[in-house]
Structures are given as structure tokens and as C-alpha cells.
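A.B. asks: Here's a structure for you.
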Amino acid sequence: MCGIVGYVGNEQAGPILLDGLSRLEYRGYDSAGVAVYSQRDQRLSVHKAKGRLQVLSDMLQGGAAVDGTIGVGHTRWATHGAPSDINSHPQVSRSGRIAVVHNGIIENYAELKAFLQDQGVPFTSETDTEVVAQLIEYFCETDKVGILEAVGRSLRRIQGAYALGIICADEPDQIIAVRKDSPLILGYGNGCNFLASDVTAIIRHTREVGYMDDGEVAVLTKDGIQCYNHLMQPVEKEISHVDWEVDAAEKGGYEHFMFKEIMEQPEAMRRAIFPRIRDGEVFLEDFALTEDYLRSVHKLYIVACGSSYHVGMIGKYNLERILRIPVEVSLASEFRYMDPIVDDKTLVIVISQSGETLDTMAALREAKRLGATILSIVNVVGSSIARESDQVLYTWAGPEIAVATTKAYSTQLAVLNLLGLYLARLLGTMPEEEYHSVLEEMLLLPAKMEEILSDKDDIQYYASQYFNHNSVFFIGRNVDYALGLEGSLKLKEISYIHSEAYASGELKHGTISLIEEGTLVVALGTYAKLFEKAMSNIVEVKARGGDVLALTTRTHGEEMRKTANGVITIPETHPLLLPSLGVVPLQLFAYYVALMRGCDIDKPRNLAKSVTVE
Ligand code: M6R
């Protein structure tokens, strides 16, 4: 999705903006642009280009070709109007004196555009964003007000979700930032200040950040940042310190972020798990939900999108098993349109890496409206979902840059399992011995992941055998089915191979008609209780000519080899934790297949890291 960066200070803004934008590339975009005000020339210069940021950077000689110490930059992911130089941001007002970068969507742009056109304002782009720039200028001119007042008047007219960065040649020492339903972060520097939609864009320059709240407006000058609430009353912002290292968001010698993040999983798991197991018990930091409340909960409802939803699917199997209360799982994009049965006895668990996914955010708000308590499992500290939840459990995975999630998925799953165990202990629904043995096994997960990661050759070999296939099916039962959903998504999103996951028992209800000579079926059979069933499904597939690549535990590897064409094994662990290990070979398989197909692994086509539009 779109990215915003802004800088005001004493240094040349061009290189800083381009560097910031390069750190937002991972979010997905189709064009980029900057607007910089030159004190020397006393004018705003705007430069935009469709395509990779490199095109813009070459055009501007890495930023050296633009003069000025204040500016805003943007990477665009087209919503209104196709990717093109003209539709790229910054969008400018008709005089060229106001430039706007925008993430999100202005829902009533057509109505506002018609109004402005009636006033004689000409438009040059198809974007909703141009309306904002033109509207601000309209108020400056007709109401004879300054830029801040004109922004305030415009905000009363526009509807939708937006993060805005605005500069104006008439008041050229300030950037105005606005946030509503789209993240925006203020960066506090020394003699300079920053604006960004994602902390990775500015972490090289400052670690002191403020998270803008919905409805807030900020005025950034090189000497300070003043924030206002939606009534334009001054507010004090809390400043947070970002404590992860700059190189956590860099490739560090790896060819791809995705591979780096796969390899980082054991460490990420240690961060997510180890501090939360103390003296043989689950310990959840700053946990404010009371025991009385938790005992009163009748139902858990998990809402999330994509891979985070797949974590929720595993959660359904695991939590129902150990808690014996109903656990519903819903795609966040469906939740608010399905009239969900949620009340004050429902604990809604929201899972999100970015903490900014718009569908998930909307589901959270709907659940809140219905009276539920919200517990979120989030990676990005200070993100919108984290801040709007009653309780947050951070995954501590560190910055995840590759579009395809890996370490965030693993840590989400670990945290969800820990939460389940915490509740099971509280509610007394799990035998004590089993509770302790799962915790012991959880502590061993990072080392077992390391074993899988140090023995990747088999997986790479199978990828070389199958990378040319055009269609793949993942099958499994119970947690293996939920795991298959993730394995399938991983493969399709980065390799562009058509891939579907099915509950094995469903094969015979339709899908088996697609199995023919050479069709690749990835059969997941890690769950010992259902191993024989997994074997039967493999036989069914093979009888129709399918090629089976199976995943199972070491205990069952030999047995599996008698039937499947290829077998990948994982170490044994407690059944609740099998997907935590099983996902690693599936991530690696997808990675190697995509590599062999020459795909753009970290930035797959049409995808964005954080989906902030509906
Ligand atoms: O940031 P979130 O966890 O809310 O994102 C949800 C999905 O967009 C995300 O998991 C997506 O499916 C990933 N690309 C999968 O690798």
C-alpha cells in the first residue's frame, strides 16, 4: 500500500526522502514522487514517476537534483486512476503552491470534485487526492485563511480514511500532517523532524516517535512538532522510543527479506515465548483482563485476514480442544457484514502483523460496538489495532519486510497458544501434566526450528522437482488442514502457482476430479492421531496419478515414504505445537519454488505488505 515520508530540517530533503521511500518499497507500490520547497528559488518542485522508485531516483540523481530542506515523498498503490506519472503523488493544487501526499481513500471525492469544478477549478488527475489539494487552496483563496485553517476547513468536508502530508509554498517552513484511519508517525530529530507512514522510513534518523491518533493534525517545523486534536485544540504527544536495530529492517547479506525472516524465526520465537514462561507457568506481561471477566467469557471469536486468519484457524482447533468453549474464526473482511453473534461475554481476539489492516480494524470496531472485549495479537508496536484494543499481546517478531509473512505468523501462533494455555490454566480445563508438558515443548520450539532450518537441502531438492507445476493442492485434516491453508497461500502469493488447500475429507466431494497424472498434492500428515487417515488420502490421490509430496513427523517418515513420492519430516513435538514446526518447511518450499521461477519474492505482484484499503 501507499507510503508517506516527510522531512523538515537543515539538510537537503531530496536524498532523505528518497532513502525513506526506499524503505517503504516493501509495502508494495506502483509509482513514486516527491515535492520539495526550495528557499533559494522560492518555489515548490514536484517530481513523480510511474514504476520503480529507482526511476524517480535516477531522474533526481539520488535526490541531489532537487534543492530544498523541506519536503514530502510518496509511494503510490493505485486506487483512483491507473498508475501513471500524472496520478502519482504528490498531487498539487491548480496554482502549484500546495502539494499533498495521501494514503487511504477520500470516499466523497466525486461530490467534492464536482463542487470545485463548478467553482471553475480545473483537475489534471483522476485521483481522489487531487481533490484535497484543490479544496485546501479553494479555502485559502475564498476564505482568505492560512494553510492550517484551510486544512481544518477541508477536513470538515472530506470523508474517508486518510493520512496526509501537506506542504504549501506560502508557508514554506512547515509540513502539515493529518491522520484518520490510516497510520502516520511523527519522528522527533535534532534540528529536524520527520513524518512517515511506517517507522522503517525514518529509523535511520530518529528513534523518538509519536503515533498520531485519529482526527489529529500536526504541524512540523525544524524546531518542533505541534499536535492538535480534531477540535484543533493543542495536545501533548507521548514520545515512544523504538528499540529495534536499524539492521533489523535491512537484508544483512541475504538475497531476500523473506529468506532472512524465515531464518530469524528461532530468535523471534525465543523473544515471543521465553519471557512469557516463568517458573513453569504462562506469564502475560501487563495483562489487564481480570480473572473474573475471563471466567465469564462464553465464546472466543478470532478475526483476522490472510495468514493471520490461518493462525486463527489453528487457534480454533487448539483452543476448543483445551478450553472446551466455542471458538469462532472469521475473516475480518466478512465479520462486519455477517451480523456476528457477539456480546459482552465474547472475547474477540484480533490477530494482525501490521496492526493496520483496514478490514481487521473495522471488525475490531464492530466487535467493540457490540460490547465485546478486544484482545489483539499484534507485531507492530503502537499500531492502530494495538491502540484500540483493550489488551495487546505483542509478538516481538521485529520488523517484517517481505510481503509474505513468516516470522510474524510463527510468533502469532506461539502467542495464541500461550494465551490458550493461560486460559486453560485459569479455567482448569487442561490436565496439569499436559499443561506443563506443552510449556516444556514450547521452550524447545526455537531449537527444533533451527534443526529444520539447518537441514534445508531436501526441501530445496523437492522445490527443484516441482517448480514447473502450474497447479498444486494442499490437503490435511484438523490442524494439518489449517496448516495447509498457510502453505498454499505462501506458495501462491510469491510463486504465482495456482494453489488451493482442502480438508482431506472434502477431496471426494469434488476436488478429486481435478487430480490427474502428475498433479502435485502436498499432503500434510503431522497429526499422529489422524495419520492413518492421511495415508488413505495419499493412496486415493496416487490412485488417480497424482504426485504426492508429504510432510510428517520423523516418527512417521519411514511409513510415509512407502506411499508418497517425496517426504519432508519435522521433529516430534506436542500435537498443539505441530503447526509451529510444520510451517517452516512449507515456507521454505514456497521460497525455493519462487526463486527457481525467478519471481520477485519480497514484492510479489499486486500485493502490499499492509492492506489499508477495503
Ligand atoms: O498485517 P496483517 O497480519 O493484518 O495482514 C493480514 C494479511 O494481509 C497478511 O497476512 C497477508 O495474507 C500476507 N501477505 C500473507 O503472507
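A.B. asks: Answer yes or no: is there a residue in region 274-289 that is under 20 Å from the mean Cα position of the chain (by Cα), surrounded by 14 or more Cβ atoms within 10 Å (Cβ to Cβ) and touching a residue at least 40 places away in the same chain (Cβ under 8 Å). First the steps, then the outcome.
C.D. replies: Quick first cut of region 274-289, residues under 20 Å from the mean Cα position of the chain (by Cα) only: none.
Scanning region 274-289 turns up no residue that is under 20 Å from the mean Cα position of the chain (by Cα), surrounded by 14 or more Cβ atoms within 10 Å (Cβ to Cβ) and touching a residue at least 40 places away in the same chain (Cβ under 8 Å).
A.B. asks: I would also like to ask the following. Could you check how many residues of region 319-334 are open to solvent by less than 20 Å² (accessible area, probe 1.4 Å) and either within 14 Å of the ligand (Cβ to nearest atom) or in contact with a strand residue (DSSP E or B) (Cβ under 8 Å, 6 or more places away or on another chain) (or both)? Quick ask: steps written out before the conclusion?
C.D. replies: First, the residues of region 319-334 that are open to solvent by less than 20 Å² (accessible area, probe 1.4 Å): 319, 322-323, 327, 330, 332.
So of that shortlist, the ones also either within 14 Å of the ligand (Cβ to nearest atom) or in contact with a strand residue (DSSP E or B) (Cβ under 8 Å, 6 or more places away or on another chain) (or both) come out as 319, 323, 327, 330, 332.
Count: 5.
A.B. asks: Right, something else. When you go through (1) open to solvent by 20 Å² or more (accessible area, probe 1.4 Å); (2) of a type in the set (A, V, I, L, M, F, W, C); (3) in the same structural domain as Glu320 (by TED's automatic domain parsing) one by one for Leu445, which number turns out not to apply?
C.D. replies: For Leu445, the exception is condition (1).
A.B. asks: Okay, moving on. Would you check which residues across region 303-318 are open to solvent by 40 Å² or more (accessible area, probe 1.4 Å) and within 16 Å of the ligand (Cβ to nearest atom) and list them?
C.D. replies: First pass over region 303-318, keeping only residues open to solvent by 40 Å² or more (accessible area, probe 1.4 Å): 309, 316-317.
Of everything in region 303-318, just one residue is open to solvent by 40 Å² or more (accessible area, probe 1.4 Å) and within 16 Å of the ligand (Cβ to nearest atom), namely Tyr309.
A.B. asks: So for region 403-422 (the condition being modelled with pLDDT under 95, under 21 Å from the mean Cα position of the chain (by Cα) and under 30 Å from Ala594 (Cβ atoms)), does at least one residue qualify?
C.D. replies: Going residue by residue through region 403-422, those that are modelled with pLDDT under 95 are 403.
When the remaining residues are screened for being under 21 Å from the mean Cα position of the chain (by Cα), the result is 403.
If we keep only those that are under 30 Å from Ala594 (Cβ atoms) as well, we get 403.
Yes, there is a match, as at least one residue in region 403-422 is modelled with pLDDT under 95, under 21 Å from the mean Cα position of the chain (by Cα) and under 30 Å from Ala594 (Cβ atoms).
A.B. asks: If the requirement is being in a helix (DSSP H, G or I), open to solvent by less than 60 Å² (accessible area, probe 1.4 Å), within 22 Å of Ile341 (Cα to Cα) and away from the ligand (no atom under 16 Å from the Cβ), which of these qualifies: Leu294, Leu300?
C.D. replies: Values: Leu300 fails: in a helix (DSSP H, G or I).
That would be Leu294, the only listed residue that is in a helix (DSSP H, G or I), open to solvent by less than 60 Å² (accessible area, probe 1.4 Å), within 22 Å of Ile341 (Cα to Cα) and away from the ligand (no atom under 16 Å from the Cβ).
A.B. asks: Within region 1-32, how many residues are among the small types (Gly, Ala, Ser), touching a residue at least 60 places away in the same chain (Cβ under 8 Å) and crowded, with 24+ Cβ neighbours inside 10 Å?
C.D. replies: Start the filter on region 1-32 by keeping residues that are among the small types (Gly, Ala, Ser), which leaves 3, 6, 9, 13-14, 20, 22, 28, 31-32.
Subsequent filtering for residues that are touching a residue at least 60 places away in the same chain (Cβ under 8 Å) retains 3, 6, 9, 20, 28.
Adding the requirement that they be crowded, with 24+ Cβ neighbours inside 10 Å leaves 3, 6, 20.
So the count comes out to 3.
A.B. asks: Counting just the residues of region 221-254 that are among the acidic types (Asp, Glu) and at pLDDT 90 or above, which one comes out nearest to Ala13 (Cα to Cα)? Before you say what the answer is, go through the steps one by one.
C.D. replies: First pass over region 221-254, keeping only residues among the acidic types (Asp, Glu): 223, 236, 238, 243, 245, 247, 250.
Keeping just the survivors that are at pLDDT 90 or above gives 223, 236, 238.
Working: Asp223: 16, Glu236: 27, Glu238: 26 Å.
Among those that are among the acidic types (Asp, Glu) and at pLDDT 90 or above, it is Asp223.
A.B. asks: Checking the structure you have, find out if any residue of region 227-249 is among the small types (Gly, Ala, Ser), farther than 30 Å from Glu171 by Cα and surrounded by fewer than 20 Cβ atoms within 10 Å (Cβ to Cβ). Quick ask: steps written out before the conclusion?
C.D. replies: So in region 227-249, the residues among the small types (Gly, Ala, Ser) come out as 240, 248-249.
Add one more test, that the residue is farther than 30 Å from Glu171 by Cα, and what stays is 248-249.
Of the ones still in play, those that are also surrounded by fewer than 20 Cβ atoms within 10 Å (Cβ to Cβ) are 248.
Scanning region 227-249, I find at least one residue that is among the small types (Gly, Ala, Ser), farther than 30 Å from Glu171 by Cα and surrounded by fewer than 20 Cβ atoms within 10 Å (Cβ to Cβ), so the answer is yes.
A.B. asks: Tell me the helices (runs of 4 or more DSSP H) entirely within region 455-544 that contain at least 1 residues that are among the β-branched types (Val, Ile, Thr) and open to solvent by 30 Å² or more (accessible area, probe 1.4 Å). Working first, answer last.
C.D. replies: Values: elements: 457-466, 479-495, 531-543.
Passing ranges, in order: 531-543.
A.B. asks: Also, quick follow-up: Which numbered condition in (1) touching a helix residue (DSSP H, G or I) at 6+ places or on another chain (Cβ under 7 Å); (2) open to solvent by 10 Å² or more (accessible area, probe 1.4 Å); (3) away from the ligand (no atom under 13 Å from the Cβ); (4) more than 21 Å from Met442 (Cα to Cα) is the only one that Val348 fails?
C.D. replies: Result: Val348 fails condition (2) only.
A.B. asks: Give the residue that is farthest from Ala32 (Cα to Cα), with candidates limited to residues of region 87-143 that are open to solvent by 30 Å² or more (accessible area, probe 1.4 Å) and touching a Gly at 6+ places or on another chain (Cβ under 6 Å).
C.D. replies: This residue is Glu107.
A.B. asks: Here is a further query. With the checklist (1) in contact with a helix residue (DSSP H, G or I) (Cβ under 6 Å, 6 or more places away or on another chain); (2) away from the ligand (no atom under 14 Å from the Cβ); (3) open to solvent by 60 Å² or more (accessible area, probe 1.4 Å) in hand, flag the one item Tyr337 doesn't pass.
C.D. replies: It fails just one condition, (1).
A.B. asks: A further question follows. Looking only at region 365-384, count every residue that is within 26 Å of Ala268 (Cα to Cα) and either away from the ligand (no atom under 16 Å from the Cβ) or at pLDDT 95 or above (or both) and tell me the total. Working first, answer last.
C.D. replies: So the first thing to find is which residues in region 365-384 are within 26 Å of Ala268 (Cα to Cα), and the list is 374-384.
After this cut, where a residue has to be either away from the ligand (no atom under 16 Å from the Cβ) or at pLDDT 95 or above (or both) as well, the list is 374-379.
Adding up the residues that qualify gives 6.
A.B. asks: Out of Asp67, Asp85, Asp19, Asp41, I need the residue that is assigned to a helix (DSSP H, G or I) and of a type in the set (D, E, K, R). Which one?
C.D. replies: Numbers: Asp67 fails: assigned to a helix (DSSP H, G or I); Asp85 fails: assigned to a helix (DSSP H, G or I); Asp41 fails: assigned to a helix (DSSP H, G or I).
On inspection, the qualifying residue turns out to be Asp19.
The values are calculated or read from the model by the stated rules, or taken from the named source; none is laboratory data. This one's a predicted model, so the numbers in the text were calculated from it and none came from an experiment. Cβ: placed from backbone, ideal geometry, glycine included. Neighbour counts: every protein chain shown. Protein only, heavy atoms only, side chains kept; ligands, DNA and RNA dropped before computing areas. Shrake-Rupley method; radii C 1.70, N 1.55, O 1.52, S 1.80 Å.
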